[in-house]
Structure formats: C-alpha cells, structure tokens
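One structure below.
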2 protein chains.
Amino acid sequence: MLKLIPLGGLGEIGLNMMVVEYDDAMFIIDAGLMFPEDYMLGVDIVIPAMDYIRENSRKIHGIIITHAHEDHIGALPYLLKEIRIPVYGTAFTLEIVRNKLVEFELNTRVDLNVVNPGETLSMDPFEIEFIRVSHSTIEGVGLAIQTPEGVVIHTGDFRISHNTDPLKNTDLSSFARYGEKGVLALLSDSTNVEVEGYTMSEQEVAKNLGKVIFAARGRVIVTLFASNVFRIQQVIDIAVKNGRKVVFNGRSMEQIVAVAVKLGHISCPPDTIMDIKQIKNLPDDKVLIITTGSQGEPMSALVRMASGVHKHIRIKKGDNVILSSKHIPGNEKAIANIINKLYRRGADVFYSKSADIHASGHAHQEELKLMLTLTKPGYFIPIHGEYRHLVIHARLAEKMGIPREHVLVAEDGQVIVFDHKGGRIDGQVHTGRIMVDGKGIGDVGRSVLKERRELSEGGLVVVTMIIDEETGVVLYGPELISKGFVFDSATGHLVDDAQCVILEIVEEIEAGMDSRVELIRARLKKALKQYFSYTINRKPLIVPVIIEV
Amino acid sequence: MLKLIPLGGLGEIGLNMMVVEYDDAMFIIDAGLMFPEDYMLGVDIVIPAMDYIRENSRKIHGIIITHAHEDHIGALPYLLKEIRIPVYGTAFTLEIVRNKLVEFELNTRVDLNVVNPGETLSMDPFEIEFIRVSHSTIEGVGLAIQTPEGVVIHTGDFRISHNTDPLKNTDLSSFARYGEKGVLALLSDSTNVEVEGYTMSEQEVAKNLGKVIFAARGRVIVTLFASNVFRIQQVIDIAVKNGRKVVFNGRSMEQIVAVAVKLGHISCPPDTIMDIKQIKNLPDDKVLIITTGSQGEPMSALVRMASGVHKHIRIKKGDNVILSSKHIPGNEKAIANIINKLYRRGADVFYSKSADIHASGHAHQEELKLMLTLTKPGYFIPIHGEYRHLVIHARLAEKMGIPREHVLVAEDGQVIVFDHKGGRIDGQVHTGRIMVDGKGIGDVGRSVLKERRELSEGGLVVVTMIIDEETGVVLYGPELISKGFVFDSATGHLVDDAQCVILEIVEEIEAGMDSRVELIRARLKKALKQYFSYTINRKPLIVPVIIEV
C-alpha cells in the first residue's frame, strides 16, 4: 500500500514537507519552514511537527529537496539534528543547503548527494526521476516517483516558462512522457491557482527592466530575492549593455551569488563586478547595485538605505530604485513605507504596481491546466497552498475532466492511500506547527502567545507588597511598577488611587487565613482590572508579587 | 493672504484634516482618524494633533465634513470635545456624525447644519459650494471655495462614475463651470493614483454580483462596508429580483441602514427585509444576508460565522459568501484566513481576486486627469495619500501641463500660501499623530510602544528579592515570575540557574553601600539578559523588584 502523508504545506503557504511510504520504506520530500503568522508574537520561524518521522526514523531512506527556497529547506537543520539521513538535490540546491547547515554547525555530519535533472534516484522500491522545472530560483525540480502502485508526479514549485534557453524552462517533454505511459496521481503546486492566465516570462521581465534601466540617468538600485539567480544574471547583462558596473550588497545576496558564480550560473565580463567601496569613484550613471530588502525586512540593505543608515550608500535625488519582486502578503505596509521613504529622499521608485518588472515563480491557472493535460493523472491532489487554494485547484481539475472522486483534497497529517481499491484519504498522523523562538523549539505555545498579546496591547503592572503573616499589616508597598502601560508622568494619580484600591482589599481579608495571599492576589487582580478599565479603559496584565513574612 | 494648512492626510491614508485660513477667518475641512500602524501596539485609533486649531480656536467659523467615512469624521468627537464650532455636511453625513457623537455623549452640545450638494455656505470671507461627488458612500461632496485670492477646489474623496442615475455620479458640470471661470488651485484625492485606467461603475459591479447571486442555489451572504449604501441598495434589488428575503446583520450595518432608510436612500417592496431570527423558517434559496466583516475584523459578523460562533448563522455546504469590498493593506492575512475558514465549512466564496464584484471609491489615473482637465487649475496640490501617492499625482499633473513650480507637494503641517506673489509652501505649524488607547489620548508614546514591542516579542521576567539592609543577606527570593516567556514546564532548570546568577551578583556587592540596590538592579538586568540570550537566545524584559528591609 502506497501512502502519501503531507506533514506541512497542505493548508498553508510554506512548511512544505511530505512523506512517501510503501510498506517498510519511506522517503521525505522537502523540509520547509513557514514565517510566523501575525499572532505568533516573537516567534522567529515555524517548522512542521515531525513526530511521524521520528517514530519511523529507521524506515527512512532519505530526503529530497526540490529547490533552495526557505519554505522547502528551512526546517531541514531541525530534522537533521535528530535524524541522520542522506539528502538529495541538485547541485545549486545542495550548496545553499550546505551554507544553511554551516550556520547550524551540522555541515560535517550530513551526507549530501547531487542528483541532476533527468537523472534517476533509486530508493527501493522507489525510482525517482528529477524533472527540471522553472521557478523563481534555479535548479528546481519536480519528481516522477515510480512506486509499486504506479507513477506519482510531484511538481514541486513550478511555472511553465517560455524562454529561448531551455534550461530556464520546465521540462514539459518529460512530464508528457510520463503522461503517455500513465500517471497514477499528480500532486501540483496550488500557490497561484487564483490567478488567471499565464505568468510573464523572465525574458519579458528583462525587457521591461531594461527599459527602466536604460532610461535612468543616475544610479540604479535593483532589489530582488537573492535566490532569483536567473534574474540577477539578466540584470547583470543589462548593466553590461548600459556600461554600468555591478555591485552586490546584502549578506544573503553575496552568499548566494558566490554559489551561483562557482556553479557557472552567473557570469559576466571581467571588471564588471565592483566592491561597494569603489562606488564613490564612479559616475552615477555607471553604477548598478543589486541588493536585498525587497520585502522591507527591517535590517536589510534597502531598508538601511531608505532610512539613511546604510554604511556606504546614501539615497539621493536621481537614484532609481527598482523593486523586482512580489509583495508577500503581510509585508505590504513595510514595503509601502520604504517606497515612501525612498521618494522622500528624492529617488524614483519602480515597483510592480507601476511597471511589469516581476513575474511570479508559481504557475497561473492556464499553466496548471497544461500540467494536468500533459500528465493525464488518474488522481489529482492539490499541494502547496492554503485551504482555499487547494479547493480551487481541485475544482479546476474537476473542470479539466478528472472525476470528482479522484480529486483528493487532503490537509496536513491526512494519509492519502493508494492500493488495489484505488486512491482515497484514509487515516491521520499527528502533525502541527512548531514555533521556534530563539533556541527554543516548541516551548512557545498558546498560553505564552496569549500573554504576549496581552502584554503587547496593554503592557503590565507589577504590584509588590510585603505583609506580616501574623498581623496582616502591610510592611511594604503596595508598590506599582508599570511597563508598556502609560507614560510615567501620566501615572501619578492613577498609582495613588490604585494603591488605595489594593489596601482596601488587604484590609477586608482576615489576617492568619490559610489562603490569605491567594485570595488577596485574586481579588487584587480583579479590582485593578476594573479600576484601570473604568479610569482609562485599558487592560494591562496585572502581576501581583505578595510576600508574607 | 490665503493659507491652506493640512493637519493630516498629506503623508498618510486617513487622518484627513485641513485648515483654510484668510487673515482672521478660518474653517476646517474634515477631522479624520487613521487606523494604527503595525508598530502602534495596543493603540485603538490615531487622530491628528490639533494644537494649531486650539491656538486659533476663536478664529474658526466651523468645520465641513465632506463625507461619512471614519478617515474624515473619526477625529471629530475629539475636536468637538475641546472646541464648540458648527458642523456642516450633507444630511446623510450628519446623521452618521450624530450617531458617532451619541457614542461620545456629545450629541446635545453640537450644532449640526445640513448643506445639500449645489448649495453654498457662507463663512465670511469664504463662499463654499458643495459639489456632489461619487464615492464608496453616499452624499459625498467636493468643495468649491471662493476666497479673496481665487477659487480653491477640494475634491474630497471622489471617483467619476457613469451611472444612469445622475445622483450616483460626480457633478462634472459644476467642476467644469468653475474651470471655465478660473480656478486658483485644485486639491485632489491621490489615493488611487498608482492605478491605471478608470474605476468600474457600480452598475457593472451590480451586474457581476447579479450573476453570482443568480447562479447560487443555497443561501447568499454578502459582506461590504456598511457605508456603501448604493451598493446595499443594488444588492437588495438583486435579492428582490431573485425572490430572496434580505436580512441585515452586524451593528454598524443595522445602524447605517436605518439612517439610509430614513433618508430615502434605501427602499424595497414591503416584506423584503426580515429579522435574522426568521431565517430558519425560509428555504435556503430565499435567503440573502447583508453583513459586516469584509476586512476580517475580529468581532465582526462574518468572522463569527466563519469561526462557528455566530448566534444565528452557521455556515454550511451550499452557502455562497460574497466579499464585495477591497482588501485594505494590512488586512490581507485576516481576510485570507476567513476565506479559508469559510471554504473549510463548505461555503463557496467570491472575492475580488475571483470575480469583479467590487469597484473602488477613489478615482484612478484617467479620472484624475479628467478632474485636472475640467478644473484647469492655476496650481495643483495633491491631497489624501502617502508621500509616494502625492509625488506620483504631482508628476501626473505636470504631464497634464501644469508648470512644475505650480505643483506644490506639501506634507502635514506645511503651510501653503497664496497672495499677490502667487502660491508656494511657506512655513510650518505643529502637527503630528496622536495615539488614542482606551480613554487615554496621547499618553502612549514612543517609550511605551517600545516596551510593548519588547514585551510582545520576548515576554518578561519579574525578579523579586528582599535583602537585609544591614547584613546584605537575601531574606527572600530571588523569585522569578515570567509572563509570555516560555512554557511554565520548560522553565525549571532555567529558573534554578538564573537564581544562581542573581545570587552571585548579590554576593559581589558589598552590604551597606549607598547605591547597593541600584547596582544590584543594573547588574542583575545585564546578567540575566546575557544568561537568557546564551541559553535560549531570547530577550525578555527584566523587571527587578528588590526591597531592602
């Protein structure tokens, strides 16, 4: 019996991780992180719960990484810390993985194995062909997984791009070849299923970028995701054509470009790349800076430039800043903020609302249809999306002629089963989202987040008091300390009155009672809450520290 | 000398407020709020700083409200609490204002005066004609302000709509009439200046809504802004045509609909409107519910439905939920969340990405150009926008032939002056954003927000200790209480070790020292920060409570 078990990515964007299982053999596809939701205050990243993997660790043959994005590799160090299994991926993907493992001091202990697109990996009883797909990073692959029950196609993240260079395109012929032979099930990327039509080609993007850069008189600053290596190469080509020198800035940009250069994915005439310190020696119209910060990340190079605190670059009138990237939901305000700041410093800013200078890496509706048409799957399983994406993708497949009962909308943890009786959802394994905060993995949960939210909205008031155990007399306090509550200068009478409220409570409760302190604590919390709510309509967290001596 | 002084809205979306001044006479246009930015933790709303108005209160003749949206009326109660001036607006606008004032217990003290579109208000030396504009609420107006220096046109928030009913359209002829006679300056809405083309007409929206509702077999639930009265009427018309009864749900919806019915803006055949409790007696295909929550507001009717906690409505398979509204930046994730939840409960969901069922109330580029063409202003001043909107609108005006030195990009607080020497920006008055949190106005500032942010990200640790003043011996503690830090169960060894760290510090510092407690407090904070950073890489706020007895 073949089992496909999504541990993440089917119900959210990110967190991609799937287990493929047949009897005693298992392998994993991807180990991605998710960036925290708004309510996950203070949380750095989210990773999938891996209990199922832990319980079955001796069955696992390895993990395949489809491409080098964080939502596919970000949880890998956490997996490899616990379980030593070989990792398979393309050369570029594994180089990025290696850099990541170095950060976690795991690099020496891990077995990384390059598999090129077109090659087949054997993990008995599975034979897995890596099929090249176009995406917003390079060397992405989809997988054709031959199993005893039939062939399962996993697209990874993909789009269908029509570029003159076939290495930039999805290898449609290979998908078609499997379609001809017969595909048991297609698992396909749902991220952009809400968007009609086709993605723009990278050549089109380059043409539009070229126009903007050609028209620029001053410096040009291009921000994009560091992993978007094709586009970086295209921007370099444009720079060369325009006689501009290229400067890379931002840690992740420099790191990924180094890998891409090493593997031959980025190339340019000698003396094209300059160090950032050399900028001041160049005329403005000879400068093109490629940098990070397209999402308004607080410490990124672009944000530092926009805020006037960048070490080497001060934005000035005549500068042209190009944001060649999408606005990830949740980042819109941060990005808008930066654009405003750049305008205020006199720069011209080009972004997706104002120019077609970005194309998504995820297939739009027509491309998704094409994938269905080429692979002719018996079953269809939408992957990589929030719940609505999965449902909409499922309906698209139905409209394309897949019978409704052969379209399986599964969510994280649900077991998709294939055997002689066909395919179905049958069973459930434990899964979930594990929040990582600093070095703590999973020690921030619902109650901690609730407290953080309360603290963020109303601050807190600590009440300290020492009471004589025998007599019930207050020996010290009540002293009130507040944080994140109101301006200190505004607390004067508030504090005085609150102290009266507290003292009244203390008096009401008889000395020597067994649960006296508990009782005071509870009543004091309630009374102060009411008091602050009435006087200034706020709800600070009340922390009573009551000591009997 | 004529002065136009924006106190808000020129540098942000929302907060709209402008002072018009000539010698000793002043009036105000709008008093809007802004919803808090992400970093304004716990803040309810933001209002403009009104110091300039306060200082000149005896000069003020009144305030004109251009329309009934919160970003134009939300700060009005705070203004009227301080300064009693007459309020002018259209009938609907003033009814909504009245409801608001009731909430603030201000209604009996305020002088509200209806001015209809086409009528002129005199406030010596100003003559102000109210000109009907189309917007996403009804009875919006722009203003033609005759001043001793010439006519100033203030568009308010507007779009140019082509509906068969002229009462739904912007009164282009009146704007043109002023253009013919000569306009000193045009102040025009910049909100949608980034968007090409024209806004869709409300008739087009209705057509598309009609298709969706006609095709629906189960219940239909439409969410939109309660103030979008035209569209509510159109949805009612569609319901009637489809033989569906209409139920209004949500407090603001019921309130505004009541006003609209009273003023004749909403009408329908008898027995069309039903109470929500009657739904259960109707077949599903006879029900249409109009409700609030299009922005995913936490306590709104739609969110309660999607979460399964609505008192009367449980979402079920076959329900059709239509979100006929834009996704306000910052709300995308909340809205996506609701859509996912609705799908999970089996509903079909229609929203702007999937169907053309919303049109913006703010003019797109072509409409902005038309306003420039009709009014032929001598000077152009972009209003109502973030900084980038103002700059882009300014460039649009330049492209339309307004000389660059006649295009004035002003920001909040800058004084725009017109006299015999022409128009220019000259001077600055105090302005700013005042944060309102509960009943506190302006008592939450930078330091409080910084503490709230720290608390939200890392929680806090309170350290309590009693020390003998003479001997320096620790009599009680150190006791650690944490909130929003880590799970209680995970704190065990952390707390033990932290206590050791603290005790070491106490021992190091000599008893009887003058500043002993201060010193312990400072060192303890630093040491605990380092300790928690090293062990779990987190930064809780440390609150030491050290008592000497």
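Filter region A:295-333 down to residues that are touching an Asp or Glu at 6+ places or on another chain (Cβ under 8 Å) and small (G, A, S) and give me whichever is farthest from the other protein chains (Cβ to nearest Cβ). Looking at residues that are touching an Asp or Glu at 6+ places or on another chain (Cβ under 8 Å) and small (G, A, S), I get A:G318. Restricting to region B:455-478, and then to whatever is closer than 25 Å to A:G438 by Cα and facing another protein chain (nearest Cβ under 8 Å), can you tell me which residue is most open to solvent (accessible area, probe 1.4 Å)? Looking at residues that are closer than 25 Å to A:G438 by Cα and facing another protein chain (nearest Cβ under 8 Å), I get B:E457.
So which residues in region A:283-301 are open to solvent by 40 Å² or more (accessible area, probe 1.4 Å) and either over 20 Å from A:H327 (Cα atoms) or small (G, A, S) (or both), if there are any at all? Give the steps one after another, and end with the answer.
First pass over region A:283-301, keeping only residues open to solvent by 40 Å² or more (accessible area, probe 1.4 Å): A:283-286, A:297-299.
Passing the criteria: A:P283, A:D284, A:D285, A:K286.
Residues of region A:335-348 that are within 7 Å of another protein chain (Cβ to nearest Cβ) and not polar (S, T, N, Q): A:A336, A:I339, A:Y343, A:R344. Just to be sure, is A:K326 among the basic types (K, R), in a loop (DSSP other than H, G, I, E, B) and under 25 Å from the mean Cα position of the chain (by Cα)? Yes, satisfied.
Filter region A:98-141 for residues that are β-branched (V, I, T) and farther than 24 Å from A:N169 by Cβ; which is most open to solvent (accessible area, probe 1.4 Å)? Even if it seems obvious, please write down each step before you answer.
Just the residues of region A:98-141 that are β-branched (V, I, T), to begin with: A:102, A:108, A:110, A:114-115, A:120, A:128, A:131, A:133, A:137-138, A:141.
Then drop every residue that is not farther than 24 Å from A:N169 by Cβ, which leaves A:102, A:108, A:110.
Details: A:V102: 75, A:T108: 121, A:V110: 30 Å².
Ranking the qualifying residues of region A:98-141, first place goes to A:T108.
Of everything listed in (1) over 30 Å from B:M40 (Cβ atoms); (2) modelled with pLDDT of 90 or more, the single unmet condition for B:I502 is (2). From the list A:I547, A:I481, A:I542, the lone residue that is under 15 Å from B:K483 (Cβ atoms), part of a strand (DSSP E or B), within 14 Å of another protein chain (Cβ to nearest Cβ) and at pLDDT below 90 is A:I481. Condition test on B:I441, is it modelled with pLDDT of 95 or more, touching a helix residue (DSSP H, G or I) at 6+ places or on another chain (Cβ under 9 Å) and of a type outside the set (D, E, K, R)? For B:I441, the condition - modelled with pLDDT of 95 or more, touching a helix residue (DSSP H, G or I) at 6+ places or on another chain (Cβ under 9 Å) and of a type outside the set (D, E, K, R) - is not met.
Filtered by the rule that a residue be touching a helix residue (DSSP H, G or I) at 6+ places or on another chain (Cβ under 6 Å) and open to solvent by 30 Å² or more (accessible area, probe 1.4 Å), region B:496-530 gives B:V501, B:R523.
Of the residues A:A68, A:A31, which single one is outside any helix (DSSP H, G or I) and touching a Ser or Thr at 6+ places or on another chain (Cβ under 7 Å)? Lay out the reasoning, then the answer.
Values: A:A31 fails: touching a Ser or Thr at 6+ places or on another chain (Cβ under 7 Å).
Within the list A:A68, A:A31, the selection yields A:A68.
Scan B:R84, B:R98, B:R132 and give me the residue that is part of a strand (DSSP E or B) and in contact with a helix residue (DSSP H, G or I) (Cβ under 9 Å, 6 or more places away or on another chain). Walk me through it before giving the result.
Working: B:R84 fails: part of a strand (DSSP E or B); B:R98 fails: part of a strand (DSSP E or B).
Result of the check over B:R84, B:R98, B:R132: B:R132.
Selection of region B:388-440 for residues being farther than 20 Å from B:T373 by Cβ, in a helix (DSSP H, G or I) and more than 14 Å from chain A (Cβ to nearest Cβ) yields only B:E405. Scanning region B:231-255 for residues that are modelled with pLDDT of 95 or more and among the aliphatic types (A, V, I, L, M) returns B:I232, B:V235, B:I236, B:I238, B:A239, B:V240, B:V246, B:V247.
Taking B:H61 as the residue in question, decide whether it is in contact with a strand residue (DSSP E or B) (Cβ under 8 Å, 6 or more places away or on another chain), buried (at least 21 other Cβ atoms within 10 Å of the Cβ) and either among the small types (G, A, S) or touching a residue at least 60 places away in the same chain (Cβ under 8 Å) (or both). In short, no.
Name the residue that is nearest to the other protein chains (Cβ to nearest Cβ), counting only residues in region A:13-50 that are among the charged types (D, E, K, R) and touching a strand residue (DSSP E or B) at 6+ places or on another chain (Cβ under 6 Å). Lay out the reasoning, then the answer.
Looking only at region A:13-50, we keep the residues that are among the charged types (D, E, K, R), and these are A:21, A:23-24, A:30, A:37-38, A:44.
Checking the rest, the ones that are also touching a strand residue (DSSP E or B) at 6+ places or on another chain (Cβ under 6 Å) come to A:21, A:30, A:44.
Working: A:E21: 26, A:D30: 22, A:D44: 9 Å.
By that ranking, first place goes to A:D44.
Of the residues making up region A:352-375, not a single one is under 23 Å from B:N337 (Cβ atoms) and basic (K, R).
The values are calculated or read from the model by the stated rules, or taken from the named source; none is laboratory data. Everything numeric in this text was worked out from a predicted model, so none of it was measured. Glycine gets a Cβ as well: all are built from the backbone with ideal geometry, and neighbour counts include every protein chain shown. The protein model used for the area step is the full one, side chains on, heavy atoms only, and it has no ligands, DNA or RNA in it. Shrake-Rupley method; radii C 1.70, N 1.55, O 1.52, S 1.80 Å.
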